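The values are calculated or read from the model by the stated rules, or taken from the named source; none is laboratory data. Remember, it's a predicted structure, so these values are computed and weren't measured experimentally. Cβ placement follows ideal geometry from the backbone for every residue including glycine, while neighbour counts extend to all protein chains displayed.
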Amino acid sequence: MASPIRILTAVPICDGHDSAINTINLEFIRHGIEVIYLGYHRSVGDIVRAAIQEDVRAIGISSYNGGHVEFFAEVVGLLRKRGANDIKVFGGGGGTITQEDAAAMKHKGVDNIFFAGTSLAEMTDYVRKHYGRPRGKRLRAKSPDQELAHKLTEIEDAYATRRKRPTRNAQSKIRNTKVIGFTGPGGAGKTTLIDELVLRFLNQNPKGKIAILSHDPSVIGEGALLGDRATMINSQNDRVFMRSMATRGQAGGLSPATHDCLTRLARSGFAYVIIETVGTGQEAMPFQKNGIVDETVLVMNPDYGSRLQLQKIVMLDLADIVVVNKSDLQRARTAHSEIEQRLDQNRRNQRLVDTVAKRHRDPGVDELFALISKG
Amino acid sequence: MSKLGQVVESIEKYNKFVLDQVKRARSDGQFGRDLVGRWNDMKAKIPVTRTPTGIPLPRLALPEIDEPGEIARYLFGEGLPGEFPYLNGAYREMYLEPIREVESLAKNGHAKNGKPAKKIAPAEEPTRLFSGLMLAEDTNERFHFLTAHQRTQRLSTAFDGPTLYGIDSDADGVFGKIGEGGVAIDTVEDMVRLYDGFDLGSPNFSASMTISGPAPIIMAMYIAAAKRRFGPSVVPKLRGTIQADIFKEIQAQNETIFPIEPSLRFLTDMVEFTTHQMPRWYPISISGYHIGEAGSTPVQQAAYTLSNGFAYAEMFAARGIPVDQFGPRLSFFLDCGLDAEYIALARVSRRIWAIGMRDCFGAGPKAQLYKLHIQTSGRSLIAAEFKNNLTRTAAELVLAYMNATNSCHSNSADEPFTTPSEEWIRLAAHGQAILLEESGMFKHTMNMLSGSPGMKAVERAVEAAILDEFREIERLGGVLAAVEERYQRSQIQNAAHRYEQQIYDGTRPIIALNKYRNGGDDVPEVKLVRTPRKKQQLQVDRLATFKKKNADKAKRALDKLADVVERGENCFPMLLEAAEVCSLGQITGRLQEVVGRFRPMV
């Protein structure tokens, strides 16, 4: 079995037209493609950095606000400068890109431009045909980011082609890197919370680097929309290495290749490695006992239902820190006291923090950051 | 229950009230006779006009009913144009030609000649054309071209991408975007150039600015520019509109630069200022257009626009601004495409707004009006055989005027490729003039096309569907909660996806695209309007000079601005000071340091 095609899609800077790309993304994932969606209003630097870290086969750019000849050319140029010639660029812009423009863009190294009236099927076929072939021999990586990205691809591909079984043995302790696992139900705000923590890290450590391994579910029998980067505005930074993974049929919130990828990241000199699971259910316990995750954070939504539901959440016994996010919601006070009682029963000195991650400079997030950086 | 839940109840209650009046008119003899008497008096007083061939027509057409119950249903359920609940129009005469002679309708239906009426000052043309390209001086030139033959100067300004996102022309990676799709504005000096030669304080001038994320900053720059040219006394005279619609940006257009709460706070700061200091300004244009263009259904467009409007009204009222002061300064902006719903979408919206504002906000008559600008649908225009777009736009214009819009923009046929060129802009503008001035469809008689059985059917279906959407938003906790849960966004995205599917599977015919295609793809010969690199460089250079010149003053102004925002006071007066010496990007950047950046929703 071949590895799914991974591509990155984005809308250029100063352009909010995401209607077309949303539709195209859905069509791609329906046909088995894994799409890392970077969102709209994205700079050339953000796009190229993400493409290299995610080690995608191609970048699809949807541009409706003009300036496309320059923008596409800059993307191709920066990819080449960073030694990522193997990442191809394609795109479209309805009627705003003329045949003449397209010719100029192709001349500058863009693979293909789709015009108005191109069917979704044509685009999907194009991507599968041109970016679905096995990779050739890879050139030497030009940067640590690129080298790491290539390694992670190797690991993922090995699992996808079933050449490898997950390594289950406990890893030796890794020094100088703290690995933090974030889990919790979908919609609790894990992604926003992590991004806010990253912002604090970047502000307080002028040189340190941080890695994020983020997960989104694969659609059964289909591809996956990996969209965390679109909301993680602070994490699109040269000091943040981020990799988005699809679960590829594995239950429990992580991918078959996660453990090995995480091990690799943990040995790559980052101050922190953050791993975020997909939204999990009550019985989930995604992180291995005695694994390399140093600290686990369970992010809860105050609207978990009745107190009885709390008893069923396994991670409440295991997490080192429990966060009640969206603590501006009415039910948050009740949630706090119910969870507090539940944690008291455990007698494990677990910490409970209330946050409003969507709020800028939220004191709760400050508190969580302090807790994490102390441990 | 949120305010929107109350609005739903008020509409249901009002509809029941209408039914009760119908019953009463039929059972209560005196009430019924009074209604019939009023009805007949009213009809007798309707002036008569003549077509160019000499046929007499009433200036207001009313249904041919004489039964008290039906009269009650009409008067209470629809209202005459200009009367509550305003189904048929916000004003009495809208685009009718000024009266040349007054005739009164005799009982037998024949007209008899009357005395010439005294001359009535012509109203403003409802035509308002959207424009913005390259640098401020280029757009200025276009403005002068567009208004050369107009009695009134109503300019509508499109900004380029960097301006819409509140960043400067010298920001990283935006060079190719300078002046593309709209005009580049970085500083108050650009704003002076943009409207050069126009008398900003004149009652015949109004400026409309299509910008939302950084709207308070751009508004401050406009005021600063006006003061530079005409002195401080011009401020209360300024007329115009700024879009400033944060909700629709988050739901559809994605040009938001601060998180939701501070965005709404800066907006309310601006509205508080303009309501008190600039009584002739419309500080927000509550817009469904971009919701429609992003792919919503017509009903979603109307429902989200109305519910956003009610949410703003709630917010402004909570700030302590009296509803009868801000209410008349709210205006609306809808898309008009080719779907059947558009036959009555704006009519129904006008009625729901009036009832909701009266019964849930205690608004007086002026604050009940859903003052509407319509633009024909850009999404309905396609590149293939693009001249067909003239027909599409013409059909949409008819629908827009059937809905008695207060003003209208007709799209240029070349819009699928580029910023419209002069040739196609002219045709678009002429399309409106042909409908309103040349054709007899709208100039002789109000209600000329209103009230057909089909239109009534659409009204009922659309109103029911809008109220269902309101109930869903209410169930999610009101507009703000639904926005934060991305409800409207995902609904719009689903609708857009369905629309595309329908085009591809052919259930939605698009002529020359999926039906009657002429074989080969024709390449339209359109002269493209692109900003030359030299101009883009000029903009960057000008900005550098401005920043250098004002460096010290800018720092002080930004510090003061940040302080005011931290303290939670109304920041608009401080924005006015900052706009004199700071660039757009400098102000945005400093505000983002204090309140954060907008986190996109996928």
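A few points about this structure:
Here is a yes/no grid of residues against (1) of a type in the set (F, W, Y); (2) under 22 Å from the mean Cα position of the chain (by Cα); (3) crowded, with 16+ Cβ neighbours inside 10 Å:
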site	(1), (2), (3)
B:R426	no, yes, no
B:H444	no, no, yes
B:A464	no, no, no
B:L467	no, yes, yes
B:F470	yes, yes, yes
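- Counting only residues that are at the interface with chain B (Cβ under 9 Å from one of its Cβ atoms) and under 24 Å from A:A141 (Cβ atoms), the stretch A:36-45 holds 3 of them.
- The residue of the stretch B:174-200 that is farthest from B:G231 (Cα to Cα), among those that are in contact with a strand residue (DSSP E or B) (Cβ under 6 Å, 6 or more places away or on another chain) and more than 14 Å from chain A (Cβ to nearest Cβ), is B:F198.
- A:R248 being closer than 22 Å to A:P144 by Cα and not in a strand (DSSP E or B): no
- Residues of the stretch B:269-294 satisfying the condition of being under 19 Å from the mean Cα position of the chain (by Cα) and assigned to a helix (DSSP H, G or I): B:M270, B:V271, B:T274, B:T275, B:Y289, B:H290, B:I291, B:G292, B:E293
- A single entry from A:R348, A:R361 fulfils the requirement of being free of Cβ contacts under 8 Å to residues at least 40 places away in the same chain, within 14 Å of another protein chain (Cβ to nearest Cβ) and over 14 Å from A:A188 (Cβ atoms): A:R361.
- Which listed residue is part of a helix (DSSP H, G or I) and within 14 Å of chain A (Cβ to nearest Cβ), from B:L575, B:L591, B:L558: B:L591
- Residues located in the stretch B:309-340, provided they are without any contact (Cβ under 8 Å) to a residue 12 or more places away in the chain and either surrounded by 18 or more Cβ atoms within 10 Å (Cβ to Cβ) or within 17 Å of B:P365 (Cβ to Cβ) (or both): B:P322
- Among residues that are aliphatic (A, V, I, L, M) and assigned to a loop (DSSP other than H, G, I, E, B), B:I374 is not included.
- Inter-residue pairs, beta-carbon under 9 Å, first not assigned by TED's automatic domain parsing to the domain that holds B:T275 and in the stretch B:223-251, second buried (at least 24 other Cβ atoms within 10 Å of the Cβ) and of a type in the set (D, E, K, R), 6+ apart: B:A225/B:D190
- Criterion violated by B:T405 - all others in (1) surrounded by fewer than 20 Cβ atoms within 10 Å (Cβ to Cβ); (2) under 17 Å from the mean Cα position of the chain (by Cα) satisfied: (1)
- Failed condition for A:I33, given (1) in contact with a Ser or Thr (Cβ under 6 Å, 6 or more places away or on another chain); (2) more than 11 Å from chain B (Cβ to nearest Cβ); (3) at pLDDT 95 or above: (1)
- Selection count, the stretch B:417-430, where residues are part of a helix (DSSP H, G or I) and in contact with a strand residue (DSSP E or B) (Cβ under 9 Å, 6 or more places away or on another chain): 3
- Pairs, first more than 7 Å from chain B (Cβ to nearest Cβ) and touching a residue at least 24 places away in the same chain (Cβ under 8 Å) in the stretch A:55-72, second assigned to a strand (DSSP E or B) and basic (K, R), C-beta under 8 Å, six or more apart: A:D55/A:R6; A:V56/A:R6; A:R57/A:R6; A:R57/A:K88; A:A58/A:K88; A:I59/A:K88
- B:F273 over 25 Å from B:V540 (Cα atoms) and among the aromatic types (F, W, Y): yes
- Enumeration of residues in the stretch B:18-57 that are farther than 25 Å from B:M446 by Cβ, of a type outside the set (A, V, I, L, M) and assigned to a helix (DSSP H, G or I): B:D20, B:K23, B:R24, B:R26, B:S27, B:G29, B:Q30, B:F31, B:G32, B:R33
- Just one of the listed residues (B:E83, B:E67) is surrounded by 15 or more Cβ atoms within 10 Å (Cβ to Cβ), at negative phi, at pLDDT 95 or above and among the acidic types (D, E), and it is B:E83.
- B:I11 modelled with pLDDT of 95 or more and either closer than 30 Å to B:F310 by Cβ or of a type in the set (K, R) (or both): yes
For (1) surrounded by fewer than 24 Cβ atoms within 10 Å (Cβ to Cβ); (2) over 19 Å from A:M245 (Cα atoms); (3) aliphatic (A, V, I, L, M), each residue gets a yes or a no:
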residue: A:A10; (1), (2), (3): no, no, yes
residue: A:G16; (1), (2), (3): no, yes, no
residue: A:I21; (1), (2), (3): no, yes, yes
residue: A:F28; (1), (2), (3): no, no, no
residue: A:H31; (1), (2), (3): yes, no, no
residue: A:A50; (1), (2), (3): yes, no, yes
residue: A:E54; (1), (2), (3): no, no, no
residue: A:R57; (1), (2), (3): yes, no, no
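- Counting residues in the stretch B:148-168 that are away from every other protein chain (no Cβ under 14 Å), at pLDDT below 95 and within 18 Å of B:R542 (Cβ to Cβ) gives zero.
- Of the residues making up the stretch B:304-338, those that are among the hydrophobic types (A, V, I, L, M, F, W, C) and in a helix (DSSP H, G or I) number 10.
- Extreme residue, nearest to the chain's Cα centre (by Cα), among residues of the stretch B:174-192 that are outside any loop (DSSP other than H, G, I, E, B) and closer than 14 Å to B:C582 by Cα: B:M191
- Among the residues of the stretch A:351-365, the ones that are surrounded by 15 or more Cβ atoms within 10 Å (Cβ to Cβ) and out of contact with any strand residue (DSSP E or B) (no Cβ under 6 Å at 6 or more places or on another chain) come to 7 in all.
- Residues that are more than 22 Å from the chain's Cα centre (by Cα) and in a loop (DSSP other than H, G, I, E, B) do not occur anywhere in the stretch B:210-226.
- Of all the numbered requirements in (1) more than 7 Å from every other protein chain (Cβ to nearest Cβ); (2) buried (at least 23 other Cβ atoms within 10 Å of the Cβ); (3) not in a helix (DSSP H, G or I), B:A171 misses one, and that requirement is (2).
- Residue check for A:G291: more than 18 Å from A:G186 (Cα to Cα) and surrounded by fewer than 19 Cβ atoms within 10 Å (Cβ to Cβ): yes
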